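**Student:** Here's a structure for you.
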Amino acid sequence: METKWHISPEVLSSKIDEEVILMSIEADSYFGLDPVGSRIWEIISKQPASINELVTIMMEEYEVDEATCLNDVQAFVDDMSGRKLIIKIVD
């Protein structure tokens, strides 16, 4: 089984230029994502994705080595899941 991530139904988002702004209904808070975080958000908002799938996509789109990409994607997922902005889906 592979864990995939998807946006929480309790989160509203809007893209402004290259950045995504999030509003957590549950936490009554706003969050702004940088362009890289916004791209990850865009990917998982379309369909659930695993860490490995996200790393593969991000490495194709950005000039980054695999270790750095994996660390950055994992940190993003940890932060967003910790804030309950994304949820686990077991595939």
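**Student:** Taking the Cα centre of region 3-90 as origin and charging only Cβ (+1 Lys, Arg; -1 Asp, Glu), how large is the dipole, in debye to the nearest 20?
**Tutor:** Working: 7 positive and 17 negative charges, 102 e Å.
Value, rounded to 20: 480 debye.
**Student:** Taking the beta-carbon count within 10 Å as an exposure proxy, list Ile51, Ile44 from fewest neighbours to most. Could you put the intermediate results ahead of the total?
**Tutor:** Numbers: Ile51 16, Ile44 22.
Lowest count first: Ile51, Ile44.
**Student:** Compute the orientation-averaged projected area for region 3-90 from the convex hull of its Cα atoms and round it to one decimal in nm².
**Tutor:** Dividing the Cα hull surface by four gives the mean projection, 5.3 nm².
Since every read-out is calculated from the coordinates, none of them should be taken as a lab result. Owing to the predicted nature of the structure, the values given are computational and were not obtained by experimental measurement. Cβ sites come from the backbone with ideal geometry, for glycine too, and all protein chains shown count toward neighbours.
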